[in-house]
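To start, the structure under review is shown below, and the notes come after it.
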Amino acid sequence: MAQMFNAPVVDPLSPSPPEVLGISGPQYVLEQLETRRSVEAETLHVVLPDGKITPGLAEQTRQALQRYAHYGFRNNKPWRGRLADADGA
C-alpha cells in the first residue's frame with residue numbers, strides 16, 4: 001500500500017503517466033480531477049491483485065487518501081475537499 005503513495009523514479013520510457021512524471025498515483029489522480037473543474041463528483045475505484053486484499057484495507061485506503069488530500073492542501077495543493085467519504089458525505 002505504501003508504494004501507492006510514494007513517487008517513483010522518473011522514467012520517460014514508461015507507459016505509466018505517474019512514472020513518466022515521477023509523481024505518486026494519488027497525486028496524479030487528484031491533479032487530473034483538478035483540471036476537470038466542471039465535474040462535481042467522481043468515484044475512484046482502487047483495484048488490487050488477488051491475494052493482496054486484507055480485512056479493513058478498504059477503510060485504511062479511504063482514510064489514507066483523505067489524509068493525502070488534506071495534507072496536500074496544507075502544502076498549497078488545490079485538491080483538498082475533492083475526496084468524499086465512501087458514503088458521499
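Read-outs throughout are calculated quantities, based only on the coordinates presented, and are distinct from any laboratory measurement. Every value quoted in this text rests on a predicted model; they were computed, and no experiment measured them. Note: ideal-geometry Cβ built from the backbone for every residue, glycine included; neighbour counts use all protein chains shown.
Computed over the stretch 2-74, the P(r) tail beyond 18 angstrom holds 49 percent of alpha carbon pairs. Highest mean packing first, where packing is the average number of other Cβ atoms within 10 Å per residue, the peptides 23-32, 2-11, 62-71 line up as 23-32, 62-71, 2-11. Applying 0.36 nm per residue to the separation of residue 48 and residue 13 and subtracting their alpha-carbon distance, the gain on full extension is 10.2 nm. Subtracting the Cα-Cα distance of residue 67 and residue 1 from their residue separation scaled by 0.36 nm leaves 22.3 nm. Across the stretch 7-19, computed HN-Hα scalar couplings (Karplus, 6.51 cos²θ - 1.76 cosθ + 1.60, θ = phi - 60°) run 5, x, 5, 4, 9, x, 8, 6, x, 8, x, x, 6 Hz from first to last residue, x flagging Gly and Pro.
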